[in-house]
Amino acid sequence: MSMISLSISLSIFFFLIFIIGLVWMLSVRGKTTIQYYDNKTDPDSVFYSGGFEYKKTANYTYSEIRTFLKQGHFKKAAPPLITATGIQGFMLFLSLALFCFEVNFITICFLLMSIYFIIYGLYLFVTAE
């Protein structure tokens, strides 16, 4: 198996891990808000605008994840860790696949950026209180 096909296979694998972690994180800790907007400004206006806004969010902090891990609640810490591992692995192996195709300034920047995000994420995790 060549380096290019290995990098592409691993990037697809980590993208699937990212999707699984994201769905798990939203289903466990997701908050859904629905708001209705009524934007009729002029009573004599012909046009009437209004609609719904639907949001789904899930927030984890680094300190919450560290607390979960220290207390032994690995099931609570798994969704954000799997999501972060998936996106960082996807970026790293995709940049390696691009690096194998052609070495130019953009692929080098993408590779350095993915390595920087991995190091910075680990730094934030280690220094969280």
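The values are calculated or read from the model by the stated rules, or taken from the named source; none is laboratory data. On a predicted model such as this, the values are computed, not experimentally measured, just so you know. Note that we place each Cβ from the backbone using ideal geometry, even for glycine, and neighbour counts take in every protein chain shown. All accessible areas refer to the heavy atoms of the entire protein, side chains included, with ligands and DNA or RNA removed. Shrake-Rupley method; radii C 1.70, N 1.55, O 1.52, S 1.80 Å.
Points worth noting:
- Test: residue in region 41-52 that is at pLDDT 85 or above, open to solvent by 50 Å² or more (accessible area, probe 1.4 Å) and outside any loop (DSSP other than H, G, I, E, B): no
- Checking residue 61 against (1) more than 21 Å from residue 5 (Cα to Cα); (2) of a type outside the set (A, V, I, L, M, F, W, C); (3) exposed (fewer than 11 other Cβ atoms within 10 Å of the Cβ), the condition it does not meet: (3)
- Filtered by the rule that a residue be within 18 Å of residue 12 (Cα to Cα) and aromatic (Phe, Trp, Tyr), region 65-96 gives 90, 93.
- Residues satisfying the stated conditions in region 66-85, i.e. over 28 Å from residue 115 (Cβ atoms) and open to solvent by 80 Å² or more (accessible area, probe 1.4 Å): 71, 75, 76
- Near pairs, Cβ below 8 angstrom, 6+ apart or cross-chain, from region 100-111 (without any contact (Cβ under 8 Å) to a residue 40 or more places away in the chain) to any residue that is part of a helix (DSSP H, G or I) and open to solvent by 90 Å² or more (accessible area, probe 1.4 Å): 107/101
- Filtered residue count, region 1-18, keeping only those that are more than 21 Å from residue 107 (Cα to Cα) and over 19 Å from the mean Cα position of the chain (by Cα): 1
- Residues of region 97-127 satisfying the condition of being open to solvent by 100 Å² or more (accessible area, probe 1.4 Å) and under 20 Å from residue 10 (Cβ atoms): 101, 102, 112, 116, 119, 122
- Here is the figure for region 1-29: residues that are among the small types (Gly, Ala, Ser) and open to solvent by 80 Å² or more (accessible area, probe 1.4 Å) total 1.
- Here is the figure for region 76-127: residues that are β-branched (Val, Ile, Thr) and either within 16 Å of the chain's Cα centre (by Cα) or within 28 Å of residue 23 (Cβ to Cβ) (or both) total 8.
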